[in-house]
């Protein structure tokens, strides 16, 4: 499918051999006892990964957008007020999704793209309205910006709003302690730091979110996403007594359970630390070559991916050269930034070797693009961080 | 995942080694040129499989229920009238889905479970109302009943209603000539006769269905299922110019394209004939052992699966014995029939060996359950059909 090239985009990523092997196993019945064990265990493990022991996970065939849609469809009723902390393209998509279910949305924009909204601006908005829900994109894949979920969730709880974290590009990579921080719902997708090929939407709903769902006065507008259909299924599989609603994606769920086992074996603290180190090494490599990051500061930069401006005189043709050097990276995705930057994922099973190879490929491509810098400075800077 | 047991449920089924190999390939970027080729080709091939050369296919991460939901969400507006030709559990589910989007649904029930509604009853209903849409479940997985899509679609066209075929358990197994028969939309899922592990919803919308979608006066109520989001993506991949909305399930789509290639290599006519023969052989085996089918006649019985009543004195414990004999079959799924019958899938890559093995396992299990019959009569009857 991709020969020996390294896939270093912000999802899908490089998956472990064990996960890929699970993908290719001869499929069993979705009602088989050993599949019920696997599905049930995946549900239990998801709680551990996001540190939300009292939550209700949902694992459904779909994409990260379905996870966002499921959240909005089940928690919003026409006229409900929501607040969106905007750090990029995917935060803005949440506005459109919430509005589809009749929500009145207040958006809090950052001072500039690459920055996060000020906490004071969020608090000022929270003071004014009776918001049912606040969404926070922990990492926006379009900008590479990291939101301060802990502080925002604290604010949200103070003002009695449900705190929803879009963790598509962060869960199992960025530090996230859902219950401790007061996060009421975390949503994600399989193909990023969760380490499974694309095809699964994941929603982990805390007690307050489930309570808000149960108190709805109107039916959920969306049939497929309706928790009324899925809750008995998730409870059934967790009790190892399969219940049917739609045929679950057996191979993907088998692969998810393999990946979750690997994630928990590494340990969440070690995993957060590894992502911080890989990110620091990659970013050090970029800045040593004179490149500039999209996030306004390292504190506001994600650890699961890096977003990097092309230097003067270099454009998106750089991607083709990086590809020639054996690494697949991604172009821009934010309308305001257009084709002025590229994106590199470094999450999940990413290794120090992947980081060096990728920095080296960018270095090779920059040298061929006429960018002036000391060749070798990039990988040397990355290696210094990796050796720490 | 299932050792060497044969998976003979009505989906997921036994998949070919090439399909499973595609599932386990290292994932490439959803924007890679070779993946765009594969996705584009899968779209083109779907048109050939359902014989709808002017249709617009949609391939989305989800289940068959999502395909039903996508159909209703995009074609129904509040107050629209729909008619459901009911042949089982999944026909009835369509009522609930259509109603979710504000449709007024008229249901045409069969005289008894296991039968199809009379054509005259459908026509009488069509005469009375201005129906925007009629749904026909070609094969209802719960009853094993086959609807006469050709005659029903002809009626639907006469009365100017959109004809929707739920082909979850029929596409690529049962004869279906969408454009020739006047079918406006076919929906399906990956894990049945399309021959790919579960995780893909498939909708193939004809020109009149797309036209009805374009004429909507209200926004689609469901964000994830909205064709407004997916149409540019499908058009983009078909033009080999990937466009992003949600990350497509790369491995599943790669596997789908492999399976569609195998289906078209066999040829649709040969495939329909093989399904008819496999079904006839299996059903001959069952009746030779004195068992009775759920469908009221062979003309109304699906060729992709068989639904069989337990004989007197035998109950659902038979499934455990069949499993001991190496074959996984399914229990009942229709509320009115309860636990009085079992279901056996024989579609997709099913072989004559699978049929003999499965009839033999039922025979072995029946002999151990105290059912009185001439042991060997089942496989002999099946073999006679297979040798034709």
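Since every read-out is calculated from the coordinates, none of them should be taken as a lab result. Owing to the predicted nature of the structure, the values given are computational and were not obtained by experimental measurement. Note that each Cβ is placed from the backbone with ideal geometry, even for glycine, and that neighbours are counted across all protein chains shown.
Summary of computed values
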{"quantity": "Tail beyond 15 Å, pair distance distribution of region B:1-91 (Cα, percent)", "calculated": "78"}
{"quantity": "Compactness of region B:142-236, expressed as Rg and Dmax over alpha-carbon positions, Å", "calculated": "14.5, 39"}
{"quantity": "Relative contact order computed over chain A (Cα-Cα under 8 Å; 6+ residues apart), in percent", "calculated": "24"}
{"quantity": "Modelled label reach - residue A:228, point 7 Å along Cα→Cβ, region A:50-82 residues with backbone N closer than 15 Å", "calculated": "A:73-78"}
{"quantity": "Stretchable slack from residue A:3 to residue A:48, in nm (0.36 nm times residue separation minus alpha-carbon distance)", "calculated": "12.7 nm"}
{"quantity": "Difference of contour (0.36 nm per residue) and Cα-Cα distance, residue A:180 to residue A:21", "calculated": "53.7 nm"}
{"quantity": "Value at 222 nm in deg cm²/dmol, rounded to 500, when DSSP H runs of n ≥ 4 in chain A each add -39,500 (n - 2.57)", "calculated": "-13000 deg cm²/dmol"}
{"quantity": "Distance in nm between pseudo-label sites at residue A:112 and residue A:34 (7 Å out along the Cβ direction from Cα)", "calculated": "5.7"}
{"quantity": "Inter-label distance for residue B:148 and residue B:96, nm, one decimal - labels placed 7 Å from Cα along Cα-to-Cβ", "calculated": "3.0"}
{"quantity": "Computed FRET value (nearest 0.05) for residue B:119 with residue A:323, which takes r as the C-beta separation and R₀ as 51 Å", "calculated": "0.30"}
{"quantity": "For residue B:352, label point 7 Å along C-beta direction: distances to other copies, nm", "calculated": "6.1"}
{"quantity": "Label spacing, shortest first and in nm, from residue A:119 to its equivalents in the remaining copies (7 angstrom along Cα→Cβ)", "calculated": "7.3"}
{"quantity": "Pairwise centroid distance, computed over Cα atoms, of region A:7-66 with region A:180-238, Å", "calculated": "14"}
{"quantity": "Angle in degrees between helix B:149-158 and the longest Cα principal axis of chain B, rounded to the nearest 10", "calculated": "30"}
{"quantity": "Contact order normalised by residue count of region B:107-182, Cα under 8 Å, 6+ apart, percent", "calculated": "30"}
{"quantity": "Between region A:120-138 and region B:324-356, the alpha-carbon center distance in angstrom", "calculated": "53"}
{"quantity": "Extent along principal axes [Cα atoms of the protein assembly as shown; Å; largest to smallest]", "calculated": "83, 50, 47"}
{"quantity": "Bins of 5 Å, starting at 0 and running to the largest distance - Cα pair percent for region B:263-382", "calculated": "2, 12, 22, 25, 20, 11, 5, 2, 1, 0"}
{"quantity": "Distance in nm between pseudo-label sites at residue B:340 and residue B:244 (7 Å out along the Cβ direction from Cα)", "calculated": "5.6"}
{"quantity": "Counting all C-alpha pairs of region B:222-287, share separated by more than 13 Å (%)", "calculated": "76"}
{"quantity": "Test item: A:25-36 mean partner chain Cβ contacts at 10 Å", "calculated": "6"}
{"quantity": "Gaussian network model of chain A, springs between alpha carbon atoms under 10 Å - residue of A:165, A:19, A:139 with greatest fluctuation", "calculated": "A:19"}
{"quantity": "Percent antiparallel among DSSP beta bridges (both partners in the protein assembly as shown, rounded to 5)", "calculated": "50"}
{"quantity": "Principal semi-axes in Å for region B:17-266 [√(5λ), Cα gyration tensor, largest first]", "calculated": "30, 20, 15"}
{"quantity": "Length released on extending from residue B:262 to residue B:377, taking residue separation times 0.36 nm less the Cα-Cα span", "calculated": "38.0 nm"}
{"quantity": "Among beta bridges that DSSP assigns inside chain A, antiparallel share in %, nearest 5", "calculated": "50"}
{"quantity": "Choice from A:195, A:376, A:40 showing the highest fluctuation, given a GNM over chain A with Cα pairs closer than 10 Å", "calculated": "A:376"}
{"quantity": "Most mobile listed residue (B:296, B:308, B:183) in chain B, GNM with C-alpha springs under 10 Å", "calculated": "B:296"}
